[in-house]
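The values are calculated or read from the model by the stated rules, or taken from the named source; none is laboratory data. Computed from a prediction, not measured in an experiment: that's the story for all the values here. Note that each Cβ is placed from the backbone with ideal geometry, even for glycine, and that neighbours are counted across all protein chains shown. What goes into the accessible areas is simple: the full protein's heavy atoms, side chains included, and nothing from ligands, DNA or RNA. Shrake-Rupley method; radii C 1.70, N 1.55, O 1.52, S 1.80 Å.
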Amino acid sequence: MLDFTQQVISGVALGCVYGLIALGFVLIYKATEVVNFAQGEIMMLGAFMSVTFITTLGLNYWLSFLLCVIAMAILGAIMERLVLRPILGYPQFSIVMATIGLGLVIRALVGIIWGTDDLRIETPFTDGVFTVGKLVIAWDALSIIVATILLCAALYAFFRYTRVGIAMQATSQNMLAAYYMGIPVKRMFSLIWSLSAMVACAAGILLAPITLIHANLGFLGIKAFPAAVLGGFGSIPGAVAGGITIGIVESLSGFYLPEGFKDVAAYVVLLAVLLWKPQGLFGLNAIKKV
Amino acid sequence: MAHHVRTDYGDSDPLFPSKAAMFWYAVLLAGLIAAPYMIESYYLSQLVFIMIYAIVGVALNILSGQAGQVSIGHAAFLAIGAYFTAVAQKHGVPLVLYLPLAGVFTGIAGYLVGLPALRLHGIYLAIATLAFAFIVEEIIARWESVTNGNEGLMLPPPSLFGLKLGTEGFYYLCLLVTVLVILAAINIIRSSTGRSFMAIRDSETAARSMGIDTARYKTTAFALSAGITGIAGALYAHKMSFISPEMFSLSVSIDFVMIIIIGGLVSLRGAVFGAIFMIMADPLLIILKDKVPLWSDALTHALYLPDSVTAAIQAGVLRVVNAPGLKSLIFGIIIIVFIIHEPMGLDGRWLRVKAYFKQFPLARQRAARPPRMFLKSERR
């Protein structure tokens with residue numbers, strides 16, 4: 001039982017990271033109907049930037065965190081402007097390929113700038129543990145869970161109470177109507193990309209202590225797809241819930257099932273869910289007009 | 001510009017657009033048949049790779065270009081075809097039997113993947129095929145009694161009717177299969193099945209209203225596409241003569257999608273153009289890798305820059321040129337540039353160049369420009 005709880009907690013921590021990446025997908029998908037296959041790479045870029053700020057420049061962890069998030073917000077808007085804006089309205093297939101191309105470019109640039117060695121950062125949570133009875137919880141894992149809760153609360157408040165947040169909601173519900181109401185839809189798209197890059201960057205920095213930072217970190221983004229699909233691809237709480245589910249499934253199957261199942265567990269769950277409920281667990285069933 | 005007058009329903013989609021086209025295709029075929037006697041073995045080997053990629057391109061064209069279904073997991077079908085071949089050959093099945101059977105077997109796998117596709121569309125389908133590819137890759141790595149796991153399988157050279165096929169023999173086998181696959185694909189596209197595919201691509205709801213059994217045709221498209229990829233997989237296994245799971249990873253699937261994006265989704269010719277581009281990009285990049293430092297060196301010397309600046313520039317150039325991820329950087333940029341500036345692919349460019357010369361002094365730029373696209377919501 002102790003093993004089980006231990007695995008569930010590490011699963012929840014990993015799942016929160018998946019959830020945060022999935023949150024990035026969902027934000028962009030809801031507003032622009034684009035699925036961003038480069039989300040994992042954006043997260044990786046955030047993690048690598050934190051290495052530069054913390055290890056190379058020797059800045060304080062919290063300050064670095066802030067700087068990284070701001071830098072990623074700007075980069076996110078630039079990516080939207082350069083790659084996504086020109087192909088607004090193209091078939092989804094083309095847009096998906098463009099984001100895959102963007103992912104390839106980011107991964108290659110990261111490899112050229114930071115090299116291909118594994119890197120690590122020092123955080124205030126490194127090596128700390130927290131014990132409840134016999135249960136051992138690493139500070140790292142706890143920091144991820146707490147940060148996810150805080151981020152979700154912040155996002156909720158942003159979408160609920162700020163003018164920009166409400167404008168974004170309007171854009172994602174009906175672009176044309178939002179445009180008629182005087183909402184600058186294109187600027188909203190850039191802002192959404194910034195926001196999603198910020199969330200991805202936070203995920204990357206939080207993840208950095210538990211896995212080393214390396215050039216293949218971006219593949220975690222692909223693992224976040226099952227999370228987003230489980231959550232229905234359109235629901236913010238759904239994305240986090242999906243992420244946590246995938247994290248728990250993965251960590252339990254790594255512990256109880258033979259080797260090899262851990263890597264594919266997420267995809268097996270994904271296919272099963274898609275067969276059973278094609279719109280995801282939290283999705284809406286929409287019938288498309290001609 | 002001469003207009004073709006149609007006098008028969010059969011004229012509306014002939015196998016070859018004109019007599020002249022038939023002649024040029026015959027010339028191309030004759031050239032390819034003569035190729036082993038005319039070019040070096042390195043280029044012959046590249047030609048074989050081009051043909052294998054072209055077969056995969058044709059398969060993806062049927063699925064994505066014609067039927068409008070997305071797949072970013074086609075490396076899995078290539079893997080299934082390749083492993084089927086390796087195992088069949090080990091058990092002494094002759095080539096004439098296992099080559100088509102690899103197609104049939106992979107086609108069945110494709111049919112099974114097509115089943116979820118009935119209920120999914122767009123992005124969900126793309127993700128489902130991605131998940132399928134990961135699962136296949138993992139199964140191949142773990143099912144050691146059949147696939148020998150990560151150590152991979154060696155394949156003896158193929159033999160046809162007891163004769164060992166050498167380099168040239170294998171080249172002709174690939175050529176034959178490629179020609180047959182392309183002819184089959186053209187015929188599928190101009191049959192009622194092909195027209196149903198297009199109807200589904202353009203609007204699934206409208207196709208269903210017209211009485212097209214969308215479920216049947218979507219699974220058919222998947223099965224056909226997978227089957228053709230499986231045949232390509234069989235040839236690929238023989239070409240490489242060694243297969244292991246990491247040869248069928250996600251990046252291979254992305255390469256395959258690049259074939260049709262770069263070549264153009266509209267026609268089969270695009271698949272061939274895309275295959276040529278993807279295969280020839282590698283040797284081209286290697287040549288550039290050698291040449292670029294020389295060019296930058298010559299340039300800095302020509303500008304009489306101070307030695308320290310020259311050295312710094314040279315070091316920078318060498319660092320970029322020798323960077324491990326350079327190829328994916330260039331490929332990523334190519335994908336983005338093609339999608340933004342050439343959505344019809346190389347094939348679209350080819351058609352425009354052809355139209356320019358046909359209408360020579362009267363050609364207008366505006367007429368060739370693709371129509372503007374507007375954002376259409378996929379939601380209600």
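Structure summary
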{"quantity": "Residue within segment A:63-72 that is touching a strand residue (DSSP E or B) at 6+ places or on another chain (Cβ under 9 Å), open to solvent by 30 Å² or more (accessible area, probe 1.4 Å), in contact (Cβ under 8 Å) with a residue 60 or more places away in the chain and farther than 30 Å from B:N322 by Cα present", "calculated": "no"}
{"quantity": "Residue within segment A:150-157 that is open to solvent by 20 Å² or more (accessible area, probe 1.4 Å) and within 14 Å of chain B (Cβ to nearest Cβ) present", "calculated": "no"}
{"quantity": "Where A:S50 falls short, out of the listed (1) within 14 Å of chain B (Cβ to nearest Cβ); (2) open to solvent by less than 40 Å² (accessible area, probe 1.4 Å); (3) polar (S, T, N, Q)", "calculated": "(1)"}
{"quantity": "Members of segment B:241-276 found to be more than 23 Å from B:I127 (Cβ to Cβ), within 14 Å of the chain's Cα centre (by Cα), open to solvent by 10 Å² or more (accessible area, probe 1.4 Å) and not aliphatic (A, V, I, L, M), listed by number", "calculated": "B:S267, B:R269, B:F273"}
{"quantity": "Pair list, Cβ < 9 Å and 6+ apart or interchain, from segment B:274-288 residues that are in contact (Cβ under 8 Å) with a residue 24 or more places away in the chain to residues that are among the acidic types (D, E) and open to solvent by less than 60 Å² (accessible area, probe 1.4 Å)", "calculated": "B:G274/B:D347; B:M278/B:D255"}
{"quantity": "Test: residue in segment A:137-148 that is open to solvent by less than 80 Å² (accessible area, probe 1.4 Å) and more than 22 Å from the chain's Cα centre (by Cα)", "calculated": "yes"}
{"quantity": "Residue check, A:L252 within 15 Å of B:A126 (Cα to Cα) and either of a type outside the set (K, R) or modelled with pLDDT under 85 (or both)", "calculated": "no"}
{"quantity": "Residue list for segment B:293-316, restricted to those being open to solvent by less than 70 Å² (accessible area, probe 1.4 Å) and either in contact with an Asp or Glu (Cβ under 7 Å, 6 or more places away or on another chain) or not in a helix (DSSP H, G or I) (or both)", "calculated": "B:L305, B:Q314"}
{"quantity": "Helices (runs of 4 or more DSSP H) contained entirely in segment B:79-188, each with at least 2 residues that are crowded, with 22+ Cβ neighbours inside 10 Å and away from every other protein chain (no Cβ under 14 Å)", "calculated": "B:95-117"}
{"quantity": "Test: A:V229 is of a type in the set (A, V, I, L, M, F, W, C) and open to solvent by less than 30 Å² (accessible area, probe 1.4 Å)", "calculated": "yes"}
{"quantity": "Selection status of A:G128, without any contact (Cβ under 8 Å) to a residue 60 or more places away in the chain, open to solvent by less than 40 Å² (accessible area, probe 1.4 Å) and of a type outside the set (S, T, N, Q)", "calculated": "yes"}
{"quantity": "Some residue of segment B:227-238 being in the same structural domain as B:L60 (by TED's automatic domain parsing) and touching a strand residue (DSSP E or B) at 6+ places or on another chain (Cβ under 7 Å)", "calculated": "yes"}
{"quantity": "Matching option when the condition is more than 14 Å from every other protein chain (Cβ to nearest Cβ) and within 23 Å of A:I222 (Cβ to Cβ), among A:D118, A:D127", "calculated": "A:D118"}
{"quantity": "Residue in segment A:76-86 that is open to solvent by 20 Å² or more (accessible area, probe 1.4 Å), at pLDDT 90 or above and either more than 14 Å from chain B (Cβ to nearest Cβ) or touching a His at 6+ places or on another chain (Cβ under 7 Å) (or both) present", "calculated": "yes"}
{"quantity": "Qualifying residue in segment B:221-233 (condition: more than 19 Å from the chain's Cα centre (by Cα) and open to solvent by 10 Å² or more (accessible area, probe 1.4 Å))", "calculated": "no"}
{"quantity": "Which listed residue, of B:R319, B:R366, is modelled with pLDDT under 80, facing chain A (nearest Cβ under 10 Å) and in a helix (DSSP H, G or I)", "calculated": "B:R319"}
